[in-house]
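For reference, the structure is listed below as structure tokens.
Throughout, read-outs are computed from the coordinates displayed, never taken from laboratory work. Quick caveat: nothing in here was measured; it's all calculated off a predicted structure.
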Amino acid sequence: MNPIPWTYVRAELGREPLAAMGLGAGLFGAISILGTCWAVPRLPEGVLTVLSLSLAVEGLPALVLVNTLLAVWFVAYFVGAVVVLRAIPAPRAEGGLDILLVKPVPPAVFVWSRILPALGLSAAVGLALSVTQVIGLWGFLGADLSIASVLGIGLTTVAIAIAQLGALTALTARTTELAGALGVAIAVFMAPMTPTSVFIYRPDLFPAEGVGRTLFVMPTNLIVHSGVITWAWPVVMIVGVGLAALGLAWAARRVVVG
């Protein structure tokens, strides 16, 4: 096997300050999660009632969990998105991508070696924050909310974030403006939240036993089906990684203009 691609892969793995980025993002996420676990139970009763009705969750533990899930999801996605944007859109916008593509490596190796660190960083930070979520919710754990279910739900959001990073890579493979790529990154993150935003104002469009609420009102639907997610999250993770791989494969075919 030609050793040049593997040498290039190792070089790319060391290109980004992944440890510093992961530590900073993890610290931010941990403070957000623990702060949420402390603050939400201290909100006025009327506010808690409104939040429970708006998000369709019952009980204080579920209400705290849905808010901490947003922190896990947000941080796991955007810490990886920074690496993705710095990998292809940024050098293309700066006019240096053509020089990078001149290197004696196939475009597929270029894309995979630059994006895999983003996926790994997202997974590592997401795992750490999922564990932090269990710690923060320790006082709320019981028959309805176990360690396994909280950890499984957290890792499910991480799997979704990884799949979104694959989509972001595919959608920005030929982006020529960094601002446009950033807009795509925000849109990719917000897309799964759109049905939830609609649900908050028009819950009548999502019957309690309907498929719409079960599949699309995220992340509250993860809490409703926590029993299934407790054992099914590895399958969701495999699917998320598979979708991300498809996104990277698509980007590898499009990164070379012409």
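Annotation: average projected area of the stretch 42-166 is 9.6 square nanometres, based on the convex hull of Cα atoms across all directions. Under a Gaussian network description of the chain, with springs only between Cα atoms under 10 Å, the residue in Trp73, Trp38, Trp112 that fluctuates furthest is Trp38. Here the contact order of the chain, divided by its residue count and restricted to Cα pairs under 8 Å and six or more residues apart, works out to 27 percent.
Within the P(r) computed for the chain, what percentage of the Cα pairs occupies the region above 33 Å?
Details: 8233 of 33153 pairs.
Of the Cα pairs, 25 percent sit more than 33 Å apart.
Cα centroid separation, the stretch 110-126 to the stretch 155-206: 18 Å.
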